[in-house]
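The values are calculated or read from the model by the stated rules, or taken from the named source; none is laboratory data. The structure presented is a predicted model; accordingly, all values stated were derived computationally and were not measured. As a convention, Cβ positions derive from the backbone with ideal geometry for all residues, glycine included, and neighbour counts pool all protein chains shown. To get the accessible areas, we keep the full protein, side chains included, count just its heavy atoms, and leave off ligands, DNA and RNA. Shrake-Rupley method; radii C 1.70, N 1.55, O 1.52, S 1.80 Å.
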Amino acid sequence: MSRILGAAVFVGSAAIALLGSAPAYADDASYLAALDANGVFRSGPPNARLSAGHRFCNQLRAGSTPDQVVNDFVRRPSFGGPSMVDDLTVNLRPVIDIAQHELCPDTLH
């Protein structure tokens with residue numbers, strides 16, 4: 001009887017773990033990897049690149065469209081240094097697209 005009870009607890013626990021596990025979503029590491037794989041926004045330290053991606057996601061969640069984020073982008077020389085700002089400015093739309101897919105898929109419509 002204890003074997004049956006033990007097996008039932010194991011099967012029940014496994015089912016709860018599978019049902020309760022969160023769906024797989026992209027994360028910071030996949031965002032950085034996607035930037036590198038696409039050859040965009042490769043300059044600057046990872047934390048600055050992540051900060052930019054999360055900032056874009058926040059703007060999108062606040063109701064901006066990707067085109068509005070591009071148009072409203074403020075070129076800040078102090079943000080990650082001149083080469084990083086130039087890199088981001090030239091590649092802004094692909095970076096926003098990657099951020100949407102890798103950091104904030106909830107903003108895709």
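Figures for the structure shown
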{"item": "Single match in Asn71, Asn47, Asn58 (criterion: modelled with pLDDT of 95 or more, surrounded by fewer than 18 Cβ atoms within 10 Å (Cβ to Cβ) and not in a loop (DSSP other than H, G, I, E, B))", "result": "Asn58"}
{"item": "Condition broken by Ala37, with the remaining ones in (1) modelled with pLDDT under 85; (2) open to solvent by 70 Å² or more (accessible area, probe 1.4 Å); (3) assigned to a helix (DSSP H, G or I); (4) hydrophobic (A, V, I, L, M, F, W, C) satisfied", "result": "(1)"}
{"item": "Qualifying positions in the range 74-102 - of a type in the set (A, V, I, L, M) and at pLDDT below 90", "result": "Val74, Met84, Val85, Leu88, Val90"}
{"item": "Subset of the range 33-54 that is polar (S, T, N, Q) and free of Cβ contacts under 8 Å to residues at least 40 places away in the same chain - its residue that is nearest to Leu92 (Cα to Cα)", "result": "Ser51"}
{"item": "Residues of the range 25-34 that turn out to be of a type outside the set (Gly, Ala, Ser) and open to solvent by 60 Å² or more (accessible area, probe 1.4 Å), as a count", "result": "3"}
{"item": "Residue identified as in contact with a Pro (Cβ under 7 Å, 6 or more places away or on another chain) and at pLDDT below 85 among Ala26, Ala15, Ala22", "result": "Ala26"}
